[in-house]
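Presented below is the structure to which this report refers.
What follows draws every value from the coordinates through simple rules; no lab data is involved. These numbers come from a predicted model, not from an experiment. In this analysis, Cβ positions are derived from the backbone assuming ideal geometry, glycine residues included, and neighbour counts consider all displayed protein chains.
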Amino acid sequence: MLAGAVELAREAALEEAGVEGVGEHVGVQAEDSAAATHLFEALHAGYVGWRWAVTVAHAGPDEPVTVSEVVLLPGPDALVAPDWVPWQQRVRAGDLGVGDLLPTTRDDPRLLPAYLYSDDPAVEEVAREIGLGRVRVMSRQGRLEAADRWYRGEFGPRSEMARSAPASCGTCGFYLPVAGSLRAAYGVCGNALSPADGHVVHTEYGCGAHSEAEIDTSPQVPVAELVYDDSVLDVEPTRRRGRSERGS
């Protein structure tokens, strides 16, 4: 009875959408033993792929089939807006401008109260100063996310600059290691001539401004072992000839 109530469902859809708004019957879906939903094509402009969904119900053997609700729903090929995302999650790196404020939530998983212990010795040192240090510090999750982001970034070991560098930052005199648990893998570049100056760099990153980089200054053109100097003249004295010798 529920599956056969097509005309009842169409009348309900026409009442909601108007004569030009309901197309062909495209199927029926069972909701449970007492209800089913009939689907009709929506013909309204701008709703291509949408369907009118009319749910009908049956209360018992001697009861008629009735209409429960009529709604417009997107079909599998419908053009729909993307899922709504809270504004805090829509913000990306570089979106923050001059004068903008970006507050964090109280339950931000990247932060934790400073009085809680962590696995970072530098954080624990600050956390002991309850009331004198920072209110919150980065959690383990926050540090791991930052480390992964820096690793895959412009100053990570996989960048084009790092692959062509003569040596890595870990052996450079301008490399300033950061404190805490990230010290083993990250530091800050202090070379004003480097493209990474002032940025967090991975210890395996590198550039041509490495403190120990050397340039081969030997001549590229081979020089012969025997050199002729035309500016020096070799003078050989000759014996003066006599008169008899000149007249003969």
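Could you calculate the FRET efficiency of residue 239 with residue 192 from 1/(1 + (r/R0)^6), where r is the beta carbon distance between them and R0 is 45 Å, rounded to 0.05?
Efficiency for this residue pair is about 0.05.
Under 1.5 on a/c is rounded, so check that first for segment 145-200, then, if it is not, pick prolate when a/b is larger than b/c and oblate when it is not; a ≥ b ≥ c are the square roots of the alpha carbon gyration tensor eigenvalues.
oblate
Could I have the simple spin-label model distance between residue 176 and residue 20, label points 7 Å from Cα toward Cβ, reported in nm to one decimal?
7.0
Compute, for segment 1-95, the length of the dipole vector about the Cα centre, with Cβ point charges of +1 (Lys, Arg) and -1 (Asp, Glu) only. Units Debye, rounded to 20.
Roughly 500 debye for segment 1-95.
Could you go through segment 176-193 in sequence order and give the Karplus-derived ³J(HN,Hα) for each residue, using 6.51 cos²θ - 1.76 cosθ + 1.60 with θ = phi - 60°, rounded to whole Hz, and x for Gly and Pro?
10, x, 7, 8, x, 6, 8, 4, 5, 10, 9, x, 10, 7, x, 9, 5, 8
Rank by packing, highest mean first: peptides 4-12, 43-51, with packing defined as the count of other Cβ atoms within 10 Å averaged across residues.
Final packing ranking: 4-12, 43-51.
How far, in nm, would the chain grow between residue 69 and residue 104 when pulled straight, counting 0.36 nm per residue and subtracting the alpha carbon separation?
Length difference between fully extended and current span is 8.4 nm.
Can you give the FRET efficiency to the nearest 0.05 for residue 33 and residue 148, using r as the Cβ-Cβ distance and R₀ = 51 Å?
In this case the efficiency is close to 0.50.
Mind listing the phi-derived Karplus ³J(HN,Hα) values for segment 197-204, rounded to whole Hz, using 6.51, -1.76 and 1.60 with θ = phi - 60°, and x for any glycine or proline?
With coefficients 6.51, -1.76 and 1.60, one gets 4, x, 9, 6, 10, 6, 4, 9 Hz.
When all C-alpha to C-alpha distances in segment 1-98 are sorted into bins of 10 Å, what percent of pairs does each bin hold, rounded to whole numbers?
Spelled out bin by bin, segment 1-98 gives 15, 36, 22, 12, 9, 4, 1, 0 percent.
Return the long-range amide H neighbours of residue 139 (sequence gap of 5 or more, or a different chain), with a cut-off of under 5 Å between placed amide H atoms.
The answer is 111, 112.
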